[in-house]
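The block underneath contains the structure these notes are about, expressed in structure tokens.
The values are calculated or read from the model by the stated rules, or taken from the named source; none is laboratory data. Here the structure is a predicted model, which means the values were calculated and not measured. Every residue, glycine as well, gets a Cβ built from its backbone with ideal geometry; the counts of neighbours run over all protein chains shown.
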Amino acid sequence: MPVATSDCSCRRVRGYRDARNRLAGQHTVPARAFALRRDFRQRVHQVRSATAAVSGPAFRLTSNARFNFRHSVSPQLAGWHEALKFNKRPSMSDVNSNPMAETINVRVQRWCVWSGLIFLLLFGLGWIFLAGFIPPPRPDASGAQIAAFYQTDVWMKRLGLVIAQAACIFFVPWVCVISTQMRRIKGSDPSLAAAQLIGGSIAMLAVLIPTMIWTTVSFRPDRDPELMLLLNDLGWIILSMTFAPFLTQSCALAAAIFLDKSDKPVFPRWAAYLNIWVPMGFLPTALVVFFKSGPFGWSGLFGIYIPLINFTIWFFVMIKLLLDAIKQQESQLVHASSN
């Protein structure tokens, strides 16, 4: 009987100790597994909330994010940046659980924005100031007059046109960063960002191809004046009648801004009206094939000057809006990482 009483007392003491340890959450395997599981779920919930605040709710954890309890001692040793990886739709922004990757992403976007300013400055330097295409040759000029234009300051024209072509390199990243910010718009469709990207790329070609044609004319300034007249007309008509790609680019951006239903929109609503007003200045360029003189010719007010002024204003305003949108994205990332 004393032995049985002792065994019963020992079992009772061990039971009290196990109950105390379970309450403390230490030293027992079931309690530790429960604590790890609870901590893992809390971390997953925090990451989901932080990512949804930046990229929207449409993402899902892959099977790689499952926590392996059998080979892990603690969540700190598990490596959360390696365990949590995300599958995101193409319409979402590139949000990574690594804060350094997020910083680099924002920095690259700023470089793309400033590349647009580089394009504008280089193209203006080469095409306007060095090559001297503003004011442009008149559409009703004869072959001899066009030949005289290209035979004057030949090397300066070649240099200016080469610089204008090189400037188009910096136009592409600028168009891409617009689409990147458009994908952040909640309520928008990815097809609008794709339409903007394609329209901007075609617009870049509409600027690049005429400069290549004019470079071809300046390569042999002693060729037949009638051939020089033909190539000059070809270059100016391609450059002037660029309303289609610019209209596609601006209207896609305006539609995405109108669809933004978030409390803090990526772009302000007035930017949508700006992107509708700017293409209106390009529509009269469709009439350059009907006029060889006057305000609707490619050397007239509606043929070159109003579209050029509208494009420059729109370009600078979009640079400011893109920088503000990137700053907003960066603040959201910082807020999400702090939580």
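The residues on offer are ILE146, ILE128, and the sole one that is within 23 Å of GLN249 (Cβ to Cβ) and either in a helix (DSSP H, G or I) or at pLDDT 95 or above (or both) is ILE128. Taking the options PRO268, PRO295, name whichever one is surrounded by fewer than 19 Cβ atoms within 10 Å (Cβ to Cβ), within 33 Å of the chain's Cα centre (by Cα) and in a loop (DSSP other than H, G, I, E, B). So the residue among PRO268, PRO295 that is surrounded by fewer than 19 Cβ atoms within 10 Å (Cβ to Cβ), within 33 Å of the chain's Cα centre (by Cα) and in a loop (DSSP other than H, G, I, E, B) is PRO268. Against the numbered list (1) free of Cβ contacts under 8 Å to residues at least 24 places away in the same chain; (2) touching a Leu at 6+ places or on another chain (Cβ under 6 Å), PRO279 comes up short only at (1). Of the residues TRP270, TRP314, TRP298, the single one that is out of contact with any Gly (no Cβ under 8 Å at 6 or more places or on another chain), aromatic (Phe, Trp, Tyr) and without any contact (Cβ under 8 Å) to a residue 12 or more places away in the chain is TRP270. Against the test of being in contact with a Lys or Arg (Cβ under 7 Å, 6 or more places away or on another chain) and under 25 Å from PHE119 (Cα atoms), the options SER250, SER240, SER299, SER262 yield a single qualifying residue, SER299. Among the residues examined, ILE276 qualifies as farther than 18 Å from LEU208 by Cα and among the β-branched types (Val, Ile, Thr). In region 215-233 there is no residue matching the filter, namely being among the aromatic types (Phe, Trp, Tyr), touching a residue at least 60 places away in the same chain (Cβ under 8 Å) and buried (at least 22 other Cβ atoms within 10 Å of the Cβ). PRO279 passes every criterion in (1) within 19 Å of ILE178 (Cβ to Cβ); (2) surrounded by fewer than 17 Cβ atoms within 10 Å (Cβ to Cβ) apart from (2). Hey, among ALA167, ALA147, ALA206, ALA194, which residue is surrounded by 21 or more Cβ atoms within 10 Å (Cβ to Cβ) and within 28 Å of the chain's Cα centre (by Cα)? Result of the check over ALA167, ALA147, ALA206, ALA194: ALA167. Among the residues of region 189-208, just one is among the small types (Gly, Ala, Ser) and in contact with a Leu (Cβ under 7 Å, 6 or more places away or on another chain), namely ALA206.
Do we find that LEU301 is out of contact with any strand residue (DSSP E or B) (no Cβ under 6 Å at 6 or more places or on another chain) and under 19 Å from CYS168 (Cβ atoms) in this structure? When the stated conditions are applied, LEU301 does not pass them.
Figure legend. Inter-residue proximity from region 104-125: first residues assigned by TED's automatic domain parsing to the domain that holds TRP314 and surrounded by fewer than 20 Cβ atoms within 10 Å (Cβ to Cβ), second residues of a type in the set (Asp, Glu) and assigned to a helix (DSSP H, G or I), beta-carbon distance below 7 Å, spacing 6+ or different chains. Indicated pairs: VAL106/GLU330. With respect to the conditions (1) in contact (Cβ under 8 Å) with a residue 40 or more places away in the chain; (2) out of contact with any Leu (no Cβ under 6 Å at 6 or more places or on another chain), ALA167 lacks only one, and its number is (2). Report yes if some residue within region 153-176 is at pLDDT below 95 and either among the hydroxyl-bearing types (Ser, Thr, Tyr) or not assigned by TED's automatic domain parsing to the domain that holds LEU120 (or both); otherwise report no. Scanning region 153-176, I find no residue that is at pLDDT below 95 and either among the hydroxyl-bearing types (Ser, Thr, Tyr) or not assigned by TED's automatic domain parsing to the domain that holds LEU120 (or both), so the answer is no.
Table: residues versus (1) surrounded by fewer than 17 Cβ atoms within 10 Å (Cβ to Cβ); (2) farther than 19 Å from MET182 by Cβ; (3) modelled with pLDDT of 90 or more.
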residue: ILE257; (1), (2), (3): no, no, yes
residue: LYS264; (1), (2), (3): yes, no, no
residue: ASN275; (1), (2), (3): no, no, yes
residue: LEU321; (1), (2), (3): no, no, yes
residue: SER337; (1), (2), (3): yes, yes, no
